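Only the coordinates and a few stated rules stand behind these numbers; no lab work does. These numbers come from a predicted model, not from an experiment. Note: ideal-geometry Cβ built from the backbone for every residue, glycine included; neighbour counts use all protein chains shown.
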Amino acid sequence: MPVEVKNEVLLSIQNLHVWFELRRWGFGHAGYVQAVDGVSFDLRQGEAIGIVGESGCGKTTLMKTILGLCQPTRGEISFKGIELSTKGSREMKFYRSQVGYVQQDPYGALPPFMNVRRILEEPMIINGMKSQAEREQRIRSVLEEVKMTPVENFVTKFPHMLSGGQQQRVVIARAMILEPKLIVADEPVSMLDASVRVEILRLLRRLQASHDLAVIYITHDLSTVRYFSERIFVMYAGKLVEKAKVNELLRDPRHPYTHALLTATSDPDAENAATFKDVPPGEPPSLINPPLGCRFHPRCHHVIERLCDVKEPPDFEVEPEHFTACWLYR
Amino acid sequence: MQQNHALLRVEDLVLYFRTTQGAVQAVDGVTFDLGYREAVVIVGESGCGKTSLAKAILRLLPRNVDAYSGHVYLDGTDVMSLGDEEFRRQVRWVKMSLVPQAAMNSLNPVLKVGDQVAEPMMVHSAVKKDKALTQARTMFQRVGVPVDFLNRYAFELSGGMRQRVAIAMALTTVPDLVILDEPTSALDVLTQANIFNLLKRIKQDLEISFILITHDIATSSELADRVAVMYAGQIVEVSDAYRFFTEPLHPYSQKLMASVPRLRGDQEPEFITGQPPSLIDLPPGCRFAPRCPSRFEQCKEDPPMVEAHRHQVKCWLYA
């Protein structure tokens, strides 16, 4: 993939496979769940990307592997040019301080027995920030950044005393507290009401711009991703099937799966009630024995016999920086 | 209003819950009606009382009810005057049924899904089990679940399939009205689209009316003939879908529409400042006034429901 010269690559993922071995029975071997299967991309400093896919497509596993919570089976992840697997535990700890994580369910992500100060203080203590005054200062500035003011009113609160939107702000503040270079946000707004959703997305976008953060935004909702990221990667059954700039992907989707996702996403429009949607039949495949060839072929309208069902499509570059893994563009 | 033409007419329905902090005014004077073969969508943010409204209509009440009053006319008869046992025999699941929120998790894990779909028929229509199962089989075909799934348990099905089973359960007795509480909020986009295709087909084929309760305005437009917007226990706007989606009138509806991120079109979504009020401690007058950009002196009083541009709006701007 061509890399722009002006921005250095922060995170580079090459041919990443994350497979989970199934439980063995006796001496037998039951196979693997191929959760992430050959994913490659580069993320530049200060860039926001969206990874879109349905549940079970492996996007959470991809995210966990980036966070260093899962071990890759094959392939490599390098951060600022250094590969993760070569890092020792001390370097890994430093890496984790460079990567913030915004969870999906804010209430589940915050320990119920800690107040906001304690929640925000803990990462700093773990990473050796000894001075109490310095920590207090940092807590104050982070909370101000996520618009939890006046700060004094919030630091003593426990998670259950906050609204959903405020909880998500605390989660974001915690992700930001060590001044990371990269934020991984896993469906950060899917648990929130529509009116709060936009507020949180704007906050994330503002933080991204002001700190020159790289952000990986993982979601199943195409309509929010366009307000947030510069590039979108569409994931299906463990593979990235299409990678493109946001506007290009929305204007001119190439992969049949991307096309289906776009068709299925509704805008509020009274005309919708009168029409049926063209949705591909069936459900995403099991990742234990994914179909041969293109993984989307059993549901695809445009399937090419003896090609799509036999041979896996490589990435075709249909436009500059627009890649799609589909035989239609061979 | 034309009582003869409405399948369901809800009049001044009130449901309060008793808590240690005071009465929660979950449903506070809700009035709307629903025609035959019509789908009305009730939209609102979480905590606005929309699920309680569904429970109040079906009389599925918890123990801590503080107040429960008003009228629910179904086909012209006031079902609120029926006793609990009569209501259960004559109305619930016979004339009205419910697809509960997170229906996919509300299936019984230790019963086969086929038996669960057959059960309402055995209870309400005094049908023998084998006949009920045959009926369940046709219902499975209708909702697009393979018939050999009859003998499976809930955990063996995917989320979308479980949702379809829950819909089949609500349809087996062929009621006049099905209340769908957030039927697709936990599902993926493609599955969501599939379920809405299915609901549209059922609405056409079986001539069933729907009340769809949701917080998601974008997908609600898939089924809506009419839209009712709920805020803090009250309905603040009712209008037909076309007028609502092109020109919402109530300031809250306008804000709500503006907050929806759109895939097509370039408006930046906006957010609504402030938070919905607590249903225990409600502001006097218009409940949206504290967050409303166009509030004025009169908003200190409770606005009436008025007719404006063929919408019904509860707002002083149009009174």
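Quick rundown of the values:
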| item | result |
| --- | --- |
| Cα-derived Rg over Rh, computed across chain A with Rh taken as Kirkwood radius | 0.99 |
| Computed P(r) (all Cα pairs; segment B:119-162; 5 Å bins; percent) | 5, 22, 27, 24, 16, 6, 0 |
| Average projected area [Cα convex hull, segment B:1-74], square nanometres | 5.2 |
| Charge tally in the Cβ shell below 15 Å around A:Leu69, where Lys, Arg are +1 and Asp, Glu are -1, A:Leu69 excluded | +4 |
| Where chymotrypsin sites (Phe, Trp or Tyr not before Pro) fall in DSSP loop in segment A:101-201, at most 12 other Cβ within 10 Å | A:Phe113 |
| Number of partner chain Cβ atoms within 10 Å, mean per residue of A:254-263 | 2 |
| Least to most buried among B:Thr214, A:Thr86, B:Thr77 (fewest other Cβ within 10 Å first) | A:Thr86, B:Thr77, B:Thr214 |
| Chain B: relative contact order in percent, alpha carbon pairs under 8 Å with at least 6 residues between | 20 |
| Test item: B:255-268 mean partner chain Cβ contacts at 10 Å | 5 |
| Taking only Cα atoms of segment B:230-281, radius of gyration then Dmax in Å | 12.7, 40 |
| Cα long-axis angle, helix B:113-124 against chain B (0 to 90 degrees, to the nearest 10) | 80 |
| For segment B:270-312, alpha-carbon Rg and Dmax in angstrom | 11.9, 33 |
| Angle in degrees between helix A:116-126 and the longest Cα principal axis of chain A, rounded to the nearest 10 | 80 |
| Rg/Rg_ref, the protein assembly as shown, where Rg_ref = 2.2 N^0.38 Å and atoms are Cα | 1.02 |
| Two-decimal Rg/Rh across segment B:1-153, once Rg and the Kirkwood Rh are taken from alpha-carbon atoms | 1.01 |
| Charge tally in the Cβ shell below 10 Å around A:Val18, where Lys, Arg are +1 and Asp, Glu are -1, A:Val18 excluded | +1 |
| As computed over segment A:1-159, the Cα convex hull volume per residue (Å³) | 181 |
| Taking only Cα atoms of segment A:284-329, radius of gyration then Dmax in Å | 11.2, 34 |
| Mean projection area, nm², convex hull over Cα of chain B | 17.1 |
| Proxy reagent accessibility, fewest Cβ within 10 Å first, across A:Ile82, B:Ile167 | A:Ile82, B:Ile167 |
| Gyration tensor verdict on segment A:253-330 (Cα atoms; rounded if a/c is under 1.5, prolate if a/b is larger than b/c, oblate otherwise) | oblate |
| Relative contact order %, chain A, counting alpha carbon pairs below 8 Å whose residues are six or more apart | 20 |
| Estimated [θ] at 222 nm from DSSP helical runs (n ≥ 4, -39500 (n - 2.57)) normalised by residues in the protein assembly as shown, nearest 500 | -8500 deg cm²/dmol |
| Volume of the Cα convex hull of segment A:198-259, divided per residue and given in Å³ | 85 |
| Separation between Cα centres of segment A:111-175 and segment B:222-288, rounded to whole Å | 32 |
| Overall Cα dimensions of segment A:175-330, principal axis frame, Å, largest first | 53, 40, 33 |
| Where GluC sites (Glu not before Pro) in DSSP loops with at most 11 other Cβ within 10 Å are excluded, longest remaining stretch of chain A | A:5-304 |
| Exposed-loop-free span, longest in chain B, where chymotrypsin sites (Phe, Trp or Tyr not before Pro) count as exposed if DSSP calls them loop and at most 14 other C-beta atoms lie within 10 Å | B:37-295 |
| Compactness of segment B:105-204 as Cα Rg over 2.2 N^0.38 Å, two decimals | 1.01 |
| Inter-chain shielding of B:218-224 (mean C-beta neighbours from other protein chains, 10 Å cut-off) | 6 |
| Relative contact order of segment A:142-285, defined on C-alpha pairs under 8 angstrom at six or more residues apart (%) | 15 |
